[in-house]
Amino acid sequence: MQYRQLGNTNLKLSRLSYGASPLGSVFRNISEQDGIRTVHTALDLGINYIDVSPYYGNTVAETVLGKALKSVPRDKYILSTKAGRYGSDFTDFDFSASRIRESLEESFARLGVDYVDILYLHDIEFGDLQQVFDESIPCLQALRDEGKIGYFGVTGYPLKIFAETINRYQIDCILSYCRYGLHDTSLSTLLPKLDEKNIGIINASPTGMGLLTKRGAPDWHPGTPELLAASKQAVALCDQHGVDPTAIALQFAIDHPSIVSTLVGTANPENIVKNVKWAEQTYDVELTHKIRKIYEGVSCIWPSGYEKNQDN
Ligand code: NAD
């Protein structure tokens, strides 16, 4: 496993990292024992960064992850969780300083820790950005000064929210999802600016939240019908080449030199073994060009959050 420095922080993250949302049964109903074994397998194979959120499975992912981490020394993993998002409706978001503090303490209790390496504001496009800048980010700065968190950042889907945040604040890192993978590479437009400020870049969902997997996207996937159809075509093309779509999706995504770490989620220990193996292999560049061609002209982005926070 290779490791990379996250921006200006003193964290060195594995290039492939573990996204714990599947522990909350967000893709399918999982077995808790398999979920716990997946976390242990990931750590055994050199993955050192784990991301979670109270939102995943309505706190279940944090609870299951806490059970898995109970037997693991705290210095063996880098952990991030999030605050601000607790459901899917606009009313399920709360970026107030008091809720962020309360939320962090609740996460600590579920995870069985008293410190997280990174705390993110979760999907800020669903919040009032003025509040995020005036109240939420100063709260994160205070939590860092108090030693409850090591570093902080923001997450979300539209790229615009990252551009606006980094214009105002020197945050430590961003977590972007579904914007750099075979189906959409638009995050690359923002990368030079992030690199210039040495803000650490975490890329999540290289399969596009299941688009490029044999099982396909879950029912709740927000992609347009044409994106879902193009992805089925891409999966069929991989099949014709005898290539697992998840393998090539992951290999393409982690290959970008500016991306420090790529988060992939699974609650299946066998999948994590495959993912680590795939991350270390070379891939068929010719096939990636063919897959990218399938998505040409397809509307690959979807609305997320308040209209004023969305990309055009
Ligand atoms: P992903 O692209 O990693 O896809 C997960 C899907 O891929 C699941 O269905 C999983 O079963 C499948 N998969 C994984 N490995 C596989 C393998 N070897 N073979 C077959 N299928 C395999 O999407 P994700 O889980 O949504 O994203 C990864 C992580 O990134 C999340 O768990 C979360 O931690 C983070 N994330 C954060 C945000 C945010 O902050 N807003 C949004 C999305 C994701």
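Given Cβ point charges of +1 (Lys, Arg) and -1 (Asp, Glu) and nothing else, what value in debye, to the nearest 20, does the dipole of the stretch 140-199 about its Cα centre take?
Using only the charged Cβ atoms, the result is roughly 100 debye.
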Under a 5 Å amide H to amide H cut-off, with H placed in plane at 1.01 Å, what residues pair with W302 once short-range neighbours are removed? none
Could you pull out every one of the aspartates and glutamates with an alpha carbon less than 13 Å from that of K197, ignoring same-chain neighbours closer than 8 positions? D172
Cα→Cβ-extended label distance, 7 Å offset, between N167 and D219, nm: 4.1 nm
Per 0.36 nm of contour for each residue apart, how much would the distance between N8 and V72 grow if the chain were fully extended, relative to their Cα-Cα spacing? 20.4 nm
Rank T38, A236, T282 by how far each Cα sits towards the positive end of the charge dipole of the chain (+1 on Lys, Arg Cβ; -1 on Asp, Glu Cβ) and give me just the farthest. T282
Between the stretch 186-246 and the stretch 118-143, how many Å separate their Cα centres? 27 Å
Net dipole in debye of the stretch 255-312 [+1 Lys, Arg Cβ; -1 Asp, Glu Cβ; about Cα centre; nearest 20]: 60 debye
Return the distance in nm (one decimal) between the two label points of a simple spin-label model at R144 and D44, each offset 7 Å from Cα along Cα→Cβ. 3.6 nm
Give K82/K214; K214/K277; K12/K160; K76/K193 a once-over and call out the pairs whose C-alpha atoms are over 22 Å from each other. K82/K214; K12/K160; K76/K193
Less than 15 Å Cβ to Cβ from P73, Lys/Arg counted +1 and Asp/Glu -1: what total charge do the surrounding residues give? -1
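Taking K and R as +1 and D and E as -1, what net charge do the other residues with C-beta under 15 Å from the C-beta of C300 add up to?
0
Provide the per residue accessible area, probe 1.4 Å, for the chain, rounded to a whole number of square angstrom. If you can, show how the numbers build up before the last one.
Numbers: 12850 Å² over 312 residues.
Per residue, the chain has 41 Å² of solvent-accessible surface.
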Roughly speaking, what is the stretch gain from E307 to S188, that is 0.36 nm per residue apart minus the C-alpha to C-alpha distance, in nm to one decimal? 40.6 nm
Please list H122, H241, H40 from largest to smallest accessible area, probe radius 1.4 Å, with all protein chains kept in place. H241, H40, H122
For Q240 and E32, what does the FRET efficiency come to when R0 = 35 Å and r is the distance between their Cβ atoms, rounded to the nearest 0.05? 0.40
Contact order relative to length of the chain, as percent, for alpha carbon pairs under 8 angstrom and 6 or more apart: 21 percent
What percent antiparallel are the DSSP beta bridges of the chain, to the nearest 5? 15 percent
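Pop out the carbon and sulfur fraction of the accessible area of the chain as a percent, whole number, probe 1.4 Å.
Numbers: 6110 of 12850 Å².
So the carbon and sulfur contribution to the accessible surface is 48 percent.
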Within a Cβ distance under 14 Å of A163, other residues only, what is the Lys/Arg minus Asp/Glu net charge? +1
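The values are calculated or read from the model by the stated rules, or taken from the named source; none is laboratory data. The structure presented is a predicted model; accordingly, all values stated were derived computationally and were not measured. Cβ coordinates were reconstructed from backbone atoms using ideal geometry, including for glycine residues, and neighbour counts include every protein chain displayed. Ligands, DNA and RNA are excluded from the accessible area calculation, which covers all protein heavy atoms including side chains. Shrake-Rupley method; radii C 1.70, N 1.55, O 1.52, S 1.80 Å.
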